[in-house]
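Q: Here it is, the structure in full.
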């Protein structure tokens, strides 16, 4: 039963990832692109966690933490670039 739930979750988060890629490509404003990028990072984290549950190893949890940290920094950097035009002052 858990395998069916995992594959359903993989499909849902995969579809969400594809929709985020579409929003990044076709977003009307920069704010839409920033939100889609942040949501895409969250979907990737969820997919890593689900894959870790499927395989039964803990290494994917650590990888998801690294993706979360890099995603946070990239979102902040992109926001600063849009607001100020420069990342490093």
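Computed from the coordinates by the stated procedures, all read-outs in this text should not be read as laboratory data. Because the structure is predicted, anything quoted here is derived from the model rather than measured. For neighbour counting, all protein chains shown are included, and Cβ atoms are generated from backbone atoms with ideal geometry for every residue, glycine included.
Q: Nearest 10 degrees, 0 to 90: what angle lies between the long axis of helix 30-55 and the longest principal axis of the chain (Cα atoms)?
A: Once rounded, the angle reads 20 degrees.
Q: Gain in length, residue 72 to residue 18, computed as 0.36 nm per residue apart minus the alpha-carbon separation, to one decimal in nm?
A: Taking 0.36 nm per residue and subtracting the Cα distance, the gain is 17.4 nm.
Q: Now, a different point. Taking the beta-carbon count within 10 Å as an exposure proxy, list 88, 49, 59 from fewest neighbours to most.
A: So the residues, fewest neighbours to most, are 88, 59, 49.
Q: Provide, in order from the shortest bin, the percent of all Cα-Cα pairs of the chain in each 10 Å bin, continuing until the bin that contains the maximum pair distance.
A: 17, 38, 29, 12, 3, 0
Q: May I pose another question? Report, in degrees rounded to the nearest 10, the 0 to 90 angle that the Cα long axis of helix 2-26 makes with the longest principal axis of the chain.
A: So the helix axis and the longest Cα principal axis differ by about 20 degrees.
Q: If each residue's Cβ is checked for other Cβ atoms within 10 Å, how do 41, 76 rank with the fewest at the top?
A: With the fewest neighbours first, 41, 76 line up as 76, 41.
Q: Right, here's the next one. Sum -39500 (n - 2.57) across every DSSP H segment of at least 4 residues in the chain, then divide by the residue count to get the 222 nm mean residue ellipticity, nearest 500. Please report the intermediate quantities before stating the final value.
A: Numbers: 3 runs with 77 residues, N = 89.
Calculated at 222 nm, the ellipticity per residue is -31000 deg cm²/dmol.
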